[in-house]
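For reference, the structure discussed in these notes is given below.
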Amino acid sequence: MKFIFPQNYDFKNKLFGIIDYSTVLVNLVWDILIFALSNIIFSSWTIKIFVIVVFCFPLLLFSLIGFNGENILYVSYYLIKFFIRPKLYLYKKF
């Protein structure tokens, strides 16, 4: 079979067709960091599992279903940029 893609089609490589590779890398680094810190700080398995789930699961959910398919690196960059220099635009209709 031959598939014809339009010239303006933006083809992005994704892991399993769902999530960008850069987002997977960010999630993996974050998960490894939380796992290492929980192993250093806590000795109980239940507390380790609780900490890992609480800190890693929300980022995974936002990566999979949030932000309308936008890369999580771009979203975090825009959020940090907004928090540094917030601008409020008020428009008045006359």
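Based on this model, can you work out whether Ser76 counts as open to solvent by less than 80 Å² (accessible area, probe 1.4 Å), under 30 Å from Phe11 (Cβ atoms) and hydroxyl-bearing (Ser, Thr, Tyr)?
So Ser76 passes the test.
Out of (1) assigned to a loop (DSSP other than H, G, I, E, B); (2) more than 19 Å from Phe62 (Cβ to Cβ), the odd one out for Lys12 is which?
(2)
Kindly indicate the residue of the stretch 14-24 that is more than 17 Å from Ile52 (Cα to Cα) and among the hydrophobic types (A, V, I, L, M, F, W, C) and also most open to solvent (accessible area, probe 1.4 Å) among those meeting that condition.
The qualifying residue most open to solvent (accessible area, probe 1.4 Å) is Phe16.
For the list (1) out of contact with any helix residue (DSSP H, G or I) (no Cβ under 8 Å at 6 or more places or on another chain); (2) surrounded by 12 or more Cβ atoms within 10 Å (Cβ to Cβ), I need the number of the one condition that Phe42 fails.
(1)
Exactly one condition in (1) open to solvent by less than 80 Å² (accessible area, probe 1.4 Å); (2) in contact with a helix residue (DSSP H, G or I) (Cβ under 7 Å, 6 or more places away or on another chain) is false for Phe35; which is it?
Here Phe35 clears every test but (1).
Quick one: how many residues across the stretch 53-66 are open to solvent by 60 Å² or more (accessible area, probe 1.4 Å) and farther than 16 Å from Lys12 by Cα?
Adding up the residues that qualify gives 8.
Could you tell me whether Phe50 is free of Cβ contacts under 8 Å to residues at least 24 places away in the same chain and open to solvent by 100 Å² or more (accessible area, probe 1.4 Å)?
yes
Checking the conditions here, which among Asn71, Asn39 is out of contact with any Pro (no Cβ under 9 Å at 6 or more places or on another chain) and modelled with pLDDT under 85?
Criteria check complete, one pass: Asn71.
The values are calculated or read from the model by the stated rules, or taken from the named source; none is laboratory data. Note that the coordinates shown come from a computational prediction; the quantities given were computed from them, not determined experimentally. Methodologically, a virtual Cβ is constructed for each residue, glycine included, from the backbone with ideal geometry; neighbour enumeration extends over all protein chains shown. Heavy atoms of the whole protein, side chains included, go into the accessibility calculation; ligands, DNA and RNA do not. Shrake-Rupley method; radii C 1.70, N 1.55, O 1.52, S 1.80 Å.
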